[in-house]
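Got a structure for you, written out below as structure tokens; questions coming shortly.
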Amino acid sequence: MTSTTWTAFAGQRLLASGPPAEVVLAARRALDTGESAPLLLFDDTTGRTVDFHLRGSTEELLARLQPAPALAEGDTGHRGPGRPKLGVVAREVTLLPRHWEWLAAQPGGASVALRKLVEAARASSGDTDRRRQAQAAADRFMTTMAGNLPGYEEAARALYAGDRTRFNKWTRPWPDDLRNHARRLAAPAFGKETP
């Protein structure tokens, strides 16, 4: 899944946050104006750093952001007659015989039944998945940018404990931009704020 937002830091200072194209161009402008602090780009969905080559023209930078068309193994890109590719990926699934029997008896067969089960599970665990994703993203960002700052370990513990008050306490002394971004990434991990 491609993130809708990236964030760029020059050292501990926030340069830009928003769509990848805007962030890449802001980072490039910083380089062009002589920025000497290390530049790091982050994918806000995962909290991972983005390895992005900032050299070249604006057109080249923006072209690098475009995903390359994906071809399945052995796919030449040629389409003949028949059913079009729907983005379906074939993988091995190992089940017990009783599971295969149940799946085979479902309307539409095993593939349709498995897709319905996965969609139902995704819908029912949405809040838990969002919380877990926010914890992981905030933790990755904090490890990279604040891992040596006072209170980092306590803030990480509070993040995974779902304790917003303790998290805010331990991140309070951090540089403003780092603190604010860590809190923004972590917010979904704490659920809705009570009034």
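Ignoring ligands, DNA and RNA, what percent of the accessible area of the chain is carbon or sulfur (1.4 Å)? All intermediate terms of the calculation are to be shown ahead of the outcome.
Working: 7080 of 13160 Å².
Whole-percent figure for carbon plus sulfur exposure: 54.
State log₁₀ I(q)/I(0) for the chain at q = 0.10, 0.12 Å⁻¹ as given by the Debye formula over alpha-carbon point scatterers of equal weight, solvent excluded.
-0.63, -0.82
Related question: The chain: longest stretch without exposed GluC sites (Glu not before Pro) (DSSP loop, at most 14 other Cβ within 10 Å), sites themselves excluded?
The segment 93-192 is the longest one with no such site.
Size of the dipole of the range 83-195 about the Cα centre, Lys and Arg at +1 and Asp and Glu at -1 on the beta carbon, nothing else charged, in debye to 20?
Roughly 260 debye for the range 83-195.
Would you mind getting the accessible area per residue of the chain, heavy atoms of the protein chains only, 1.4 Å probe, in Å²? It would help to have the intermediate numbers written out before the result.
On the way: 13160 Å² over 195 residues.
Computed with neighbouring chains in place, this is 67 Å² per residue.
Charges at C-beta only: +1 for Lys and Arg, -1 for Asp and Glu. How large is the resulting dipole of the chain about its Cα centre, in Debye rounded to 20?
Computed about the Cα centre, the dipole is about 500 debye.
Can I ask one more? Keeping all protein chains in place and using 1.4 angstrom, which order do Thr171, Thr58 fall into by accessible surface area, from largest down?
So the residues, ranked largest to smallest area, are Thr58, Thr171.
Right, another one. Considering only protein heavy atoms, what is the solvent-accessible area of Phe52 at a probe of 1.4 Å, reported in Å² to the nearest 10?
Surface open to solvent at Phe52 totals about 30 Å².
While we're here: With unit charges on the beta carbon (Lys/Arg positive, Asp/Glu negative), name the residue among Gln133, Asn148, Leu185 whose Cα is farthest towards the positive pole of the charge dipole of the range 110-195.
Gln133
If I ignore ligands, DNA and RNA and count only protein heavy atoms, how much of Lys116 is accessible to a 1.4 Å probe, in Å² to the nearest 10?
Per-residue accessible area (Lys116): approximately 130 Å².
The values are calculated or read from the model by the stated rules, or taken from the named source; none is laboratory data. Owing to the predicted nature of the structure, the values given are computational and were not obtained by experimental measurement. Positions of Cβ are backbone-derived with ideal geometry, glycine not excepted, and every protein chain shown enters the neighbour counts. Accessible surface areas use protein heavy atoms only, side chains included; no ligands, DNA or RNA. Shrake-Rupley method; radii C 1.70, N 1.55, O 1.52, S 1.80 Å.
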